[in-house]
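One structure below.
The values are calculated or read from the model by the stated rules, or taken from the named source; none is laboratory data. Owing to the predicted nature of the structure, the values given are computational and were not obtained by experimental measurement. Every residue, glycine as well, gets a Cβ built from its backbone with ideal geometry; the counts of neighbours run over all protein chains shown.
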Amino acid sequence: MTSAKYAFMSAYLKGAEAKILTSEHIDRMSKTPSLQDVLEIVKNTDIGGYLEEAVIKTFDDADKYLWRYFGQYLERMKGLKLVPTDILKVLDAYIVKYDVLNIKASLQGISTGKKASMIPVGVIHGHGLLDELSGAGDVAAIMKVLVGCKLGAYTSALEEYTEGTKSKFLGEARLDQEYYASLLNVAKSIEDGSLLAKAFSIMIDMANLQLINRVIIEGIGSEADEFAISSGYMLSDKVVKDLVSHKLADIPGALAGTQYRDIAEELVASYSRTKSITAVEEVIDKHKFRLLREMLSPRVLTPLVVAWYLIVKEIEIRNLRLVLKATFDNIPVEEIKDYLVFS
């Protein structure tokens with residue numbers, strides 16, 4: 001029965017992958033600037049079919065529907081009768097990523113005094129406590145929500161959180177550390193877990209590389225030696241702690257001899273051109289997808305098939321968000337194509 005379940009899930013997910021947004025859709029969008037044209041072009045995709053019933057007047061409307069779609073899709077997938085237990089383990093562990101993002105948003109809301117915008121995906125959302133997290137007035141209120149959702153392991157990351165840039169980075173890094181540790185623990189207990197652990201370790205490398213660039217750009221530098229996320233594939237804690245003391249332009253040279261040098265060069269060039277911190281995330285996303293595709297895409301009949309599908313689906317949401325944001329900002333889709341990621 002187990003092999004039959006994996007055959008079913010592999011066929012199901014590969015079939016679903018065939019219904020996602022592609023570069024061909026984007027090419028057609030490049031010639032059509034209006035929102036209605038964009039929605040017409042994607043209507044043959046699964047997400048496009050969902051958006052046909054949506055009332056979209058602003059980008060915030062579109063963003064709300066995109067994340068609602070993603071959350072409902074994950075719940076539908078978990079509700080399938082033939083989902084193997086190991087696939088559920090990977091799915092449940094992976095989507096805590098959105099709880100971490102929501103916790104970070106709540107911390108930002110506390111510092112600005114504004115109610116944080118939440119992504120309706122994850123454990124906290126499942127417990128109906130996103131509004132409570134969004135409106136948390138202090139760190140203690142966030143920790144209370146986490147305990148109530150059985151995410152108490154993440155409270156330790158916030159125990160020393162205070163106002164200030166360094167504390168913010170440290171708190172976020174500790175949240176990420178807890179999250180990736182939980183992913184690696186799941187990988188130890190499932191079939192093909194060693195390969196999945198390698199994929200998660202590469203994700204950690206990408207998170208560390210992004211963190212290195214952010215702390216250098218924001219001028220924290222050598223004070224950020226506590227921020228390294230452990231268990232990376234090629235970037236050890238020691239390497240990360242060394243890199244944060246460098247200048248941004250020196251990072252590619254410091255990574256000479258690794259597969260990450262080219263990524264670092266692109267990060268430096270992109271930031272130098274745009275002076276935008278989001279350029280770092282965009283470059284990282286593109287290369288992370290490439291590295292994980294080479295490792296996970298060919299795998300079927302194992303839990304790795306769901307890990308790859310989650311990554312593909314996230315990229316689809318990311319791409320469509322960028323397209324719709326450009327559309328509402330009256331920016332030609334052609335001008336943002338370099339920021340989009342495709343197989």
Segment 246-314: helices (runs of 4 or more DSSP H) wholly inside it with 3 or more residues that are at pLDDT below 90 and within 15 Å of the chain's Cα centre (by Cα) are 278-296
Restricting to segment 109-141, give me the number of residues that are in contact (Cβ under 8 Å) with a residue 24 or more places away in the chain, over 26 Å from ALA307 (Cα atoms) and part of a helix (DSSP H, G or I).
6
Which ones in segment 199-245 are among the polar types (S, T, N, Q), in contact with a helix residue (DSSP H, G or I) (Cβ under 6 Å, 6 or more places away or on another chain) and assigned to a helix (DSSP H, G or I)?
ASN208, GLN210, ASN213
Considering only residues that are modelled with pLDDT of 95 or more and touching a helix residue (DSSP H, G or I) at 6+ places or on another chain (Cβ under 7 Å), which ones fall in segment 137-148?
ILE142, MET143, VAL145, LEU146, VAL147
Just to confirm my filter: which helices (runs of 4 or more DSSP H) fall fully inside segment 1-54 and include at least 3 residues that are surrounded by 15 or more Cβ atoms within 10 Å (Cβ to Cβ) and under 24 Å from the mean Cα position of the chain (by Cα)?
2-17, 46-51
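Is there a residue being touching a Cys at 6+ places or on another chain (Cβ under 9 Å), buried (at least 19 other Cβ atoms within 10 Å of the Cβ) and in a helix (DSSP H, G or I) anywhere in segment 89-108?
Yes, because at least one residue in segment 89-108 is touching a Cys at 6+ places or on another chain (Cβ under 9 Å), buried (at least 19 other Cβ atoms within 10 Å of the Cβ) and in a helix (DSSP H, G or I).
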How many residues of segment 132-166 are of a type in the set (D, E, K, R) and loosely packed, with under 13 Cβ neighbours inside 10 Å? The answer is 5
Determine the pairs where a residue that is touching a residue at least 12 places away in the same chain (Cβ under 8 Å), located within segment 2-18, has a partner that is part of a helix (DSSP H, G or I) and aromatic (Phe, Trp, Tyr) with Cβ atoms under 6 Å apart, the partner being 6 or more residues away or on another chain.
LEU13/TYR309
Test ASP37 against the criterion of being of a type in the set (Asp, Glu), farther than 25 Å from GLU191 by Cα and modelled with pLDDT under 90, and give yes or no.
no
Given the options TYR154, TYR161, name the one that is among the aromatic types (Phe, Trp, Tyr) and under 21 Å from ASP92 (Cα atoms).
TYR154
Here are the criteria: (1) under 22 Å from ARG293 (Cα atoms); (2) free of Cβ contacts under 8 Å to residues at least 60 places away in the same chain; (3) of a type in the set (D, E, K, R). Tell me which single one GLU160 does not satisfy.
(1)
